[in-house]
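*Asks:* Input: one structure, supplied below.
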Amino acid sequence: MKLALGALALVTLTVTLQGLGRRLLSMASTPRDPPGDPPGDPYDPGTVSAAFVTCPNETVAKELARAMVEQKLAACVNVLPHITSIYSWKGKLEEDNEVLLMIKTRSSRIPALTQFIRSMHPYEVAEVVAVPVAQGNPPYLQWVQESVPP
């Protein structure tokens, strides 16, 4: 009898600890807003995009970056120098040193941004590749949306 009560207590303790573990795991994995942030994540996934453009040199890259921010086509443009691009062009394997622009903007502005790049870029075929942002720091994503009009 004593053994049966001990086994029952052990089973009860095990079940209780398992339930507590599940609740703690649930609490730990549930996203919480940092202090000072409004409750909930107001970001609609995909409304902000990161676009990428390669340039022949830093002078062209900085001119394009400044113009995009000034014209409110982008909230921010990072200029990443010293990349190497290997590609096929007109049947030939090419390798060039380039500068990469990483552009943060509203997804709705990608067509206008693409048109701007096509009109100002020195390349015959300018690279403009955009990827929608699924997640990120909510205050940053809100700032991008506030910086670039729809």
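*Asks:* Do we find that TYR87 is in contact with a Leu (Cβ under 9 Å, 6 or more places away or on another chain) and open to solvent by 60 Å² or more (accessible area, probe 1.4 Å) in this structure?
*Replies:* Judged against the criteria, TYR87 is a match.
*Asks:* Among the candidates THR54, THR30, THR14, which residue alone is of a type in the set (Ser, Thr, Tyr), under 30 Å from PRO150 (Cα atoms) and either open to solvent by less than 100 Å² (accessible area, probe 1.4 Å) or modelled with pLDDT of 95 or more (or both)?
*Replies:* Only one candidate qualifies: THR54.
*Asks:* What pairs come up if the first residue lies in segment 135-150 and is over 12 Å from ASP44 (Cβ atoms), the second is open to solvent by 60 Å² or more (accessible area, probe 1.4 Å) and among the hydroxyl-bearing types (Ser, Thr, Tyr), and their beta carbons are under 6 Å apart, counting only those six or more places apart or on different chains?
*Replies:* Final answer for the pair search is PRO150/SER108.
*Asks:* Of all residues in segment 64-83, count the ones that are open to solvent by 80 Å² or more (accessible area, probe 1.4 Å) and free of Cβ contacts under 8 Å to residues at least 24 places away in the same chain.
*Replies:* 3
The values are calculated or read from the model by the stated rules, or taken from the named source; none is laboratory data. No experiment lies behind these values; they were computed from the predicted model shown. Ideal geometry is used to build each Cβ from the backbone, glycine not excepted, and the neighbour counts take in all protein chains shown. Heads up: the accessible areas ignore ligands, DNA and RNA and are worked out on the full protein's heavy atoms, side chains in. Shrake-Rupley method; radii C 1.70, N 1.55, O 1.52, S 1.80 Å.
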